[in-house]
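The structure appears below as structure tokens.
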Amino acid sequence: MGKEDMNYSLLVEMYERIEATTKRLEITDYLVDLFKKTPKKLIDKVVYMTQGKLHPDYMGIELGIAEKLAIKAISLSSGAGEVEVDKALKKIGDIGEAAAKFLGKKTQVTLFHEPLTVSRVYETMDRIALSTGEGAQEAKIKLLASLLSDAEPEEAKYIVRTVTGKLRLGVADMTILDALAVAFCGSKENRPPLERAYNLSSDLGGLAAAVAERGLEGVKKFKITVGKPIRPMLAERLASPQEILEKMGGRCAVEYKYDGERLQIHKEKDKATIFSRRLENITHHYPDACQLVVNHVQASAAIVECEAVAINPDTGEMMPFQELMHRRRKYGIQEAMKLYPVSLFLFDLLYADGEDLTLKPYPERRRVLESLVEEGESIKLAKALVVDNAEALEKFFEEAVAEGCEGILAKAVYPESVYRAGAREWLWIKYKRDYQALLTDTVDLVVVGAFHGRGRRAGTYGALLLAAYNEKEDVFPTVCKIGSGFTDEDLEKLPRMLKDYIIPHKHARVVTQMKADVWFTPSLVLEVLGAEITLSPVHPCGINRIRKGSGLAIRFPRFTGRYREDKSPEDATTEDEIVELYLKRLKKVEA
């Protein structure tokens with residue numbers, strides 16, 4: 001093994017520690033230690049592998065090993081029968097643990113045992129991911145078996161978990177950024193430049209390589225690149241026009257908030273690439289949207305943001321978000337385009353012909369966007385208006401709702417109203433129809449635990465433990481236990497949806513006093529409708545913010561039926577938003 005390589009066992013040791021800890025700060029310390037030991041030429045690979053991937057998400061390269069193929073590889077490398085491995089898997093419930101068991105007692109002992117290196121594991125996994133066409137499945141099995149044959153039992157566990165997409169350590173991007181800042185820049189205080197570079201590139205491995213090789217100076221040279229998604233700017237929320245105007249200095253722009261899917265579209269001459277709000281490459285699902293941008297955005301290279309809305313081909317009316325999700329399919333795209341054609345409503349411009357517009361204030365970005373877009377029947381600018389009084393804002397809101405929109409998005413217009421990639425700030429504020437009614441606020445919450453069902457729900461989950469997101473601490477404080485609103489179909493599929501996220505103890509980033517029967521890595525986001533928000537001695541969301549010793553809980557929560565698969569856990573409703581909603585409700589009650 002050369003100086004520019006390291007044993008894979010060092011990664012495995014760190015994975016074991018992360019899985020065992022319930023303390024978030026310890027995870028950062030483990031990563032710092034690992035990054036310092038890692039050769040600079042290898043740091044990008046180590047970061048990707050720790051995330052359970054091989055490349056940035058936007059590249060769309062998946063390992064593609066199903067459990068059945070993994071069973072064949074375990075059988076081939078251990079000498080055990082496939083039926084025996086399958087039976088053990090059903091009993092253990094973890095493909096990684098099953099691999100460790102059989103590799104620990106393999107019948108075929110090789111004479112020359114070569115320790116696995118990170119380079120070898122990564123390169124072999126990359127070959128597995130890139131194997132396509134005739135004979136690909138056999139090639140994948142042989143490649144995986146070749147790794148397992150030289151693996152120690154614990155190494156086999158994590159190799160198999162990684163290739164089957166079940167590593168799921170739950171290490172947050174911000175935790176990795178903290179660790180990189182400490183390891184290569186001396187302190188967490190130096191994280192902001194790293195975060196800015198990550199927000200512009202969406203490539204944590206590439207960022208790690210740059211900071212390891214060239215320190216902060218290398219990071220500061222990161223620029224927007226067409227084809228690499230920019231992490232989207234997020235909005236806060238308020239419950240009334242008066243509060244919005246007060247927060248924005250008495251004047252703001254308001255835009256229709258369409259009930260569709262947020263897309264970031266990159267145009268390069270006659271080609272377009274589409275990324276979801278989670279930065280997945282979803283170009284395949286929207287060839288019609290690609291063509292609209294190529295034809296109507298009058299710039300050689302550009303990055304625009306828009307809302308894609310499904311249109312009823314018979315009436316021309318906008319259809320709900322759920323209808324648009326029929327476009328998310330692997331096959332039958334042409335048929336889906338006919339049944340659910342899309343219209344694009346462009347609302348921001350981040351880059352145009354060499355100019356980074358994220359540093360420009362919103363009014364200037366909007367002006368340039370207007371100058372570059374040639375509107376058509378299926379591509380328009382998001383309807384917008386600048387207002388300076390509550391009556392005008394409320395009227396615009398009512399018009400938006402009447403047109404079939406969710407509500408409106410208010411945007412700051414002062415000189416500092418730049419595009420804060422990856423951030424949630426008061427430069428954008430959501431005002432949706434749900435917020436008008438005192439007791440019908442919808443929130444997006446993360447599933448962190450579950451409780452076994454009884455009676456009719458025996459054999460499935462009777463209730464779920466849900467959490468909001470605390471951005472400052474990078475943790476998920478619980479806010480409610482939910483058992484209402486689930487159909488029989490939901491109850492049947494939830495255990496399947498959550499199976500791969502099960503962990504043996506409360507996740508280090510979850511904060512709660514409750515004792516769930518099952519714990520999960522924070523991953524799945526659900527839309528929830530609440531009757532009201534109350535002070536809680538049990539849930540820590542907003543702890544001590546309203547009253548010492550009390551947090552906040554959502555009373556009578558009910559699942560709306562909407563799985564927010566377009567949102568990552570860090571995109572969920574924040575703790576600050578829950579506190580804000582409570583305070584607004586309190587004011588209305590007192591009034």
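The values are calculated or read from the model by the stated rules, or taken from the named source; none is laboratory data. Source: prediction; values computed, not measured. Neighbour counts run over all protein chains shown; Cβ positions are idealised from the backbone, glycine included.
Structural remarks
- Subset tally (residues that are crowded, with 18+ Cβ neighbours inside 10 Å and part of a loop (DSSP other than H, G, I, E, B)) for region 421-431: 2
- Enumerated strands (runs of 3 or more DSSP E) restricted to region 479-591, each holding at least 1 residues that are in the same structural domain as Tyr15 (by TED's automatic domain parsing): none
- Of all residues making up region 399-411, the number that are small (Gly, Ala, Ser) and more than 12 Å from Leu385 (Cα to Cα): 3
- From the list Lys228, Lys247, the lone residue that is out of contact with any helix residue (DSSP H, G or I) (no Cβ under 8 Å at 6 or more places or on another chain), basic (Lys, Arg) and outside the structural domain of Leu103 (by TED's automatic domain parsing) is Lys247.
- Boolean, Glu527 is of a type in the set (Asp, Glu), within 20 Å of the chain's Cα centre (by Cα) and within 30 Å of Leu167 (Cβ to Cβ): yes
- Evaluation of Glu114 against (1) assigned by TED's automatic domain parsing to the domain that holds Glu152; (2) part of a helix (DSSP H, G or I) (one fails), failing number: (2)
- Matching residues in region 52-71 - criterion: being closer than 28 Å to Gly104 by Cα and either modelled with pLDDT of 95 or more or surrounded by 21 or more Cβ atoms within 10 Å (Cβ to Cβ) (or both): Lys53, Leu54, Ile65, Ala70, Ile71
- Residue check for Ala400: within 18 Å of Lys430 (Cβ to Cβ) and either touching a strand residue (DSSP E or B) at 6+ places or on another chain (Cβ under 9 Å) or outside any loop (DSSP other than H, G, I, E, B) (or both): yes
- Under the condition of being assigned to a helix (DSSP H, G or I), without any contact (Cβ under 8 Å) to a residue 12 or more places away in the chain and surrounded by fewer than 16 Cβ atoms within 10 Å (Cβ to Cβ), the residues counted in region 211-237 number 2.
- Single residue of region 211-261 satisfying the filter (more than 27 Å from the chain's Cα centre (by Cα) and among the small types (Gly, Ala, Ser)) that is farthest from Ala412 (Cα to Cα): Gly215
- Residue count for region 291-307, restricted to those that are within 16 Å of Gln334 (Cα to Cα) and buried (at least 19 other Cβ atoms within 10 Å of the Cβ): 1
- The listed residue being modelled with pLDDT of 90 or more, within 23 Å of the chain's Cα centre (by Cα) and over 15 Å from Leu464 (Cα atoms), out of Pro569, Pro540: Pro569
- Filtering Gly133, Gly165 for residues that are on the phi > 0 side of the Ramachandran plot and either surrounded by 22 or more Cβ atoms within 10 Å (Cβ to Cβ) or touching an Asp or Glu at 6+ places or on another chain (Cβ under 8 Å) (or both) leaves a single hit, Gly165.
- Qualifying residue in region 464-473 (condition: at pLDDT below 95 and farther than 17 Å from Glu570 by Cα): no
- Matching residues in region 244-262 - criterion: being within 15 Å of Ala392 (Cβ to Cβ) and surrounded by 18 or more Cβ atoms within 10 Å (Cβ to Cβ): Ile244, Leu245, Met248, Cys252, Ala253, Val254, Glu255, Tyr256
- Every condition in (1) more than 26 Å from the chain's Cα centre (by Cα); (2) buried (at least 23 other Cβ atoms within 10 Å of the Cβ) is met by Phe275 except one, and the failing one is (1).
- Pick from region 287-322, criterion closer than 30 Å to Arg562 by Cα and assigned to a loop (DSSP other than H, G, I, E, B), ranking: nearest to the chain's Cα centre (by Cα): Pro320
- Residue tally, condition closer than 15 Å to Thr164 by Cβ and assigned to a helix (DSSP H, G or I), over region 78-101: 10
- Only one of the listed residues (Lys41, Lys23) is in the same structural domain as Ala210 (by TED's automatic domain parsing), within 28 Å of Pro229 (Cα to Cα) and surrounded by fewer than 22 Cβ atoms within 10 Å (Cβ to Cβ). That residue is Lys41.
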